[in-house]
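K.L.:
The structure is given below, and queries will be raised subsequently.
Readers should treat all values here as calculations from the given coordinates under stated rules, not as data from a laboratory. Not measured: the values here are computed from a predicted model. With ideal geometry, Cβ positions are generated from the backbone for all residues, glycine too; neighbour counts draw on all protein chains shown.
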Amino acid sequence: MTNQSASSDPRFATCYGGHNPALELLIPERVGTALDVGCGLGGMAAWLSERGIKVDGIYWNLEELESAKRVCRSVIHCDLNTTTPELRDNSYDLIICSHLLEHIAYPERLLDAIYRSLKSTGHFLVAVPNIMYWRDRLKVLQGRWEYQPSGTFDYTHLRWYTRKSIDQLLVRHGFVIERFVADGWIPLPGLKFIVSREFRSRINRAAANWWPEMFGHQLIYRCVKPPQVKQ
């Protein structure tokens, strides 16, 4: 994700489409309402809306939010680094933060608001880039920290996460990690000339699951609230 849709430097004149295909298989059944926090142009919201889900979106950029309005039930204009959105308690079956938390300097208040707004039976999906991904490790070892318009070294990132640090952040704010997926690929030069794309995809998934800290480009979580103990 990038938080900049316009810049004086044309290299960074980018916008955020909002759709993360790796999340699709983690969307639970029987979702009626969803909140896309950091919806961008509304790519993920459009995918959810096509499946009959009522989606609300939050984003900071008014121009991109105008596009998201076409696929969202409602939108909230909010700079999450300065303001915590006012969300109704127990409102959503699904809340998504896809490549958002790395852009928030102090995500604690936002996560507390999300926790309160999530229904007791709801799900919270989170995706963040992995700073320990093998390609990024190599760059740092080579003394390279070159900001880019997107990716791990996106110039609008304020935080960088490892699997351990994002685990701890989510648990600290009351969430129970129900499922974890690492999405990435393993360097095998020349493999594309020997095997099919489908087989390469299976190898990449196996590598990312075997060693997510190394081969997971993005770390994806599906979280729930802890079960309530009946008195």
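K.L.:
How big is segment 82-131 by the Kirkwood estimate over distinct Cα pairs, in Å?
P.N.:
11.5 Å
K.L.:
So what is the diffusion coefficient of segment 10-224 in µm² per second by Stokes-Einstein at 20 °C and 1.002 mPa s, using a Kirkwood Rh over Cα pairs?
P.N.:
Stokes-Einstein gives a translational diffusion coefficient of 119 µm²/s.
K.L.:
Still on this structure, I have one more. So what's the back-of-envelope 222 nm ellipticity for the chain, counting only DSSP H runs of four-plus at -39500 (n - 2.57) apiece and dividing by all residues, rounded to 500?
P.N.:
Computed ellipticity for the chain at 222 nm equals -7000 deg cm²/dmol.
K.L.:
Within segment 10-224, what percent of beta bridges assigned by DSSP are antiparallel, to the nearest 5?
P.N.:
Counting only bridges with both partners in segment 10-224, antiparallel ones make up about 40 percent.
K.L.:
Right, something else. Would you please give the FRET efficiency between residue 193 and residue 164, computed as 1/(1 + (r/R0)^6) with r the Cβ-Cβ distance and R0 = 45 Å, to the nearest 0.05?
P.N.:
0.75
K.L.:
I want to check a number: in the chain, how many lysine pairs have alpha carbons closer than 24 Å, given a sequence separation of 8 or more or different chains?
P.N.:
Lysine pair count for the chain: 9.
K.L.:
If you don't mind, there's one more thing I want to ask. Once you put a point 7 Å from the Cα of residue 209 and another 7 Å from the Cα of residue 70, both along the Cβ direction, what distance in nm separates them?
P.N.:
It works out to 3.8 nm between the two label points.
K.L.:
Express in nm, to one decimal, how much length is gained between residue 88 and residue 179 on full extension, taking 0.36 nm for each residue of separation and deducting their alpha carbon distance.
P.N.:
Result: 30.2 nm gained on full extension.
K.L.:
How big is segment 119-231 by the Kirkwood estimate over distinct Cα pairs, in Å?
P.N.:
15.9 Å
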